[in-house]
Amino acid sequence: MTYSRSRFLLGAAGLALAGLLPGPAARAQSAAPATITVQVSQPAAPVSKNMYGLFFEDINFAADGGLYPELVKNKSFETDDHLLGWRAIRGAAGLESYLVSTDRPISNANNHFLRLSAKTAGPDAGFVNEGFRGMGVKQGAEYTFSIYARKGPGSASGLSVTLEEPGRNGPGPETPGSGQGLVQAQITGLTTEWKKYSVVLKPSATAARARLKLTLEGAGTVDLDVVSLFPKDTWMKRENGLRPDLVQLLKDMKPGFLRFPGGCIVEGITLDNRYQWKETIGDVASRKPMINRWNKEFKHRYTPDYYQSFGLGFFEYFQLSEDIGAEPLPILNVGMACQFNSAELAPISAAKGPNAAGQGDEPTLDTFIQDALDLIEFANGPASSPWGAKRAAMGHPAPFNLKMIGIGNEQWGPQYLERYEPFAKAVKAKYPAMQIVSSAGPAPEGDLFDKATLKLRELKAEYIDEHYYAKPEWFRQNVGRYDNYPRTGPKIFAGEYAAQSVAIASPDNKNNWDCAISEAAFMTGLERNAGVVAMASYAPMLAHVDAWQWTPNLIWFDNLTAYGTVNYYVQTLFAQNKGTAVLPVQLPGNAKNGTDNLFASAVADAPTGDVIVKLVNYAATPRAVKVNLAGAKKVGKTGRALVMASDDLNAQNTIREPKKLTPKEEKVAVSGSTVSYTLAPNSFTVLRIPGKK
């Protein structure tokens, strides 16, 4: 995901259902019903089973502090600021000294640790870890605390481990011992060699901003490393599992694919800062962290403590895709850093010499191509293959059945195309069945976009990734965007889109109903053109309410709870009701979709026999419609209406009101092959009408 300053140019271009639907008097005063004809007997293009999916990027604390539920920040002291997230207890009389050392570390991959020395025994000789805007812990839940430790000179016998809520004794700075203890345990039996110790903690109360305190038992020196506090309640109860409430929200949507790990995360500010998937697999304790490229991108959300631990790495992404029933779509660097930052390029071949920065030791394009080939082997190769063996060693002997990859994130210009072509050729030579997603750049129009689209069609790309972030009205005005796209050649992947209520990259953007209903209108255009558009995903996916860099987002969360935005429920209604084949829809007077702010699409669903009609009424008044199911041979007498509607276009869900506006269901009478229905003001309605199986 590339959220650039240039996109401002594009930006410029729980109510009860009974309370939403008009009563008899209102219906009597409305105009004659608008007839919408659905050609049930003339199914057109098939709808891709991957049509609606998810786009993950580690922005907004989406991974560490979010989906990946490790509660300790900088657990191995390997970030550039080695004490990031840690601080000595203020006024600790017993703490003589502390330092981050590399003296006989656990391993070469994990070569920094914290050394504490206490001259005299005392309850405050130690450190606290702040977590990710605090640590969210629940009363009675179990959390596994683990640590590698060894003792040095002196008589320190162990560690005291405490979870507490910060507190203050009166005004001014916090004082030692002022926190409210939630649970305490001891680590004993320290030796002069590194050893892993663990204990289960069960808090006595729920706290959203707890912290971890480690203090020495006795006087002397103790070395600490790989400090972890991990909830036992993870998705599928995995030891290195994911946060279950967030995964459940993803699974409930029934997504067709999961694109990962980003966005600009893939590119990096420089090539050194790029995402390298090989560094994110294997032993979690040996994965070296890296500062997140979003940590200082936006002055209005300056976040210097934002980093990636890679506890959530490529193995976990593949596993998550499998868990939620989504096709994995990994995006790989094409030898280009973010063009809005350094625009650093890897040379296409070693013969070309130093890169643009004058450095001769940077990897060439061949390095990036080999990474892609190795990734496919990691995902699909037998356990006897070099990279398949690494997957099997992590607990997944069976292949992940990877079918598609993305080459580059959102690059543009000749620099991208001249790297994409040999990259795609090499992948196809070894894996001819692999489907490749290419990039049309950050904007959905303009000279660079047109040239990229033309060239990628010439190269017979399978998918072209188009992105659009714009005002809500842009989405309603562009509902016919794909009506005239060629029906042959590359399919379109609408890989990133979201309506911006204020302006692109504005911190004041809201996930309001105006944005969501406008996206719903646009998605009827995607659905009507399923013969061209094969995949689509809202972006970004996740955001911490106290640690975000970008808004709007699909799902918001704090340290204890999570909720789907109104945009999330729109996406869910489409994904859960995507059907299997497009049905032609005719609006009154053969009007174009969106005329008079009425938007419609329809699909047949072969497994159930249902006809599914999606209708958006972007008007402040009710609208009576008559849906004619032309050519239907058998129609049930009762259908269902799933409705989202609000008189307030600024309505939005929040942490305090997580389901203020969600879909409501009611029964709908069917007369012959006709459904008469009144659309609520400012509404998105999905009609499911049982038909011939």
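The values are calculated or read from the model by the stated rules, or taken from the named source; none is laboratory data. For clarity, every value in this text was computed on a predicted model and none was experimentally measured. Positions of Cβ are generated from backbone atoms using ideal geometry, with glycine treated the same way; all protein chains shown enter the neighbour counts.
Give me the strands (runs of 3 or more DSSP E) completely within segment 579-693, filtered to those with at least 3 residues that are within 21 Å of residue 46 (Cα to Cα), ordered by residue number.
Details: elements: 598-605, 610-617, 623-630, 638-645, 664-669, 674-679, 683-689.
Because the criterion is at least 3 residues that are within 21 Å of residue 46 (Cα to Cα), the strands (runs of 3 or more DSSP E) in segment 579-693 that meet it are 598-605, 610-617, 683-689.
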Positions within segment 435-484 being assigned to a strand (DSSP E or B), aromatic (Phe, Trp, Tyr) and closer than 30 Å to residue 596 by Cβ, in sequence order: 468, 469
Hits in segment 109-164 - residues which are surrounded by fewer than 17 Cβ atoms within 10 Å (Cβ to Cβ), farther than 21 Å from residue 188 by Cβ and of a type in the set (Asp, Glu): none
Test result for residue 571, more than 24 Å from residue 473 (Cβ to Cβ) and within 22 Å of the chain's Cα centre (by Cα): no
Complete set of residues in segment 209-242 that are out of contact with any helix residue (DSSP H, G or I) (no Cβ under 9 Å at 6 or more places or on another chain) and among the aromatic types (Phe, Trp, Tyr): 230
Residue match in segment 82-100 (condition: in contact with a helix residue (DSSP H, G or I) (Cβ under 7 Å, 6 or more places away or on another chain), assigned by TED's automatic domain parsing to the domain that holds residue 195 and surrounded by fewer than 22 Cβ atoms within 10 Å (Cβ to Cβ)): no
Members of segment 634-649 that are closer than 12 Å to residue 680 by Cα, out of contact with any helix residue (DSSP H, G or I) (no Cβ under 7 Å at 6 or more places or on another chain) and small (Gly, Ala, Ser): 641
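Would you confirm whether or not segment 563-578 contains a residue that is assigned to a strand (DSSP E or B), in contact with a strand residue (DSSP E or B) (Cβ under 8 Å, 6 or more places away or on another chain) and under 17 Å from residue 511 (Cα atoms)? It would help to see each step written out before you state the result.
Kept after step one, since they are assigned to a strand (DSSP E or B), are these residues of segment 563-578: 563-564.
Next, from what is left, pick out any that are in contact with a strand residue (DSSP E or B) (Cβ under 8 Å, 6 or more places away or on another chain): 563-564.
After this cut, where a residue has to be under 17 Å from residue 511 (Cα atoms) as well, the list is 563-564.
Looking for residues that are assigned to a strand (DSSP E or B), in contact with a strand residue (DSSP E or B) (Cβ under 8 Å, 6 or more places away or on another chain) and under 17 Å from residue 511 (Cα atoms), one finds at least one in segment 563-578, hence yes.
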Residues that are β-branched (Val, Ile, Thr) and in contact with a Leu (Cβ under 9 Å, 6 or more places away or on another chain), drawn from segment 193-241: 206, 215, 221, 222, 227, 234
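Whether any residue in segment 409-421 is closer than 22 Å to residue 50 by Cα and either surrounded by 23 or more Cβ atoms within 10 Å (Cβ to Cβ) or among the polar types (S, T, N, Q) (or both) is what I want to check.
Yes, that holds for at least one residue.
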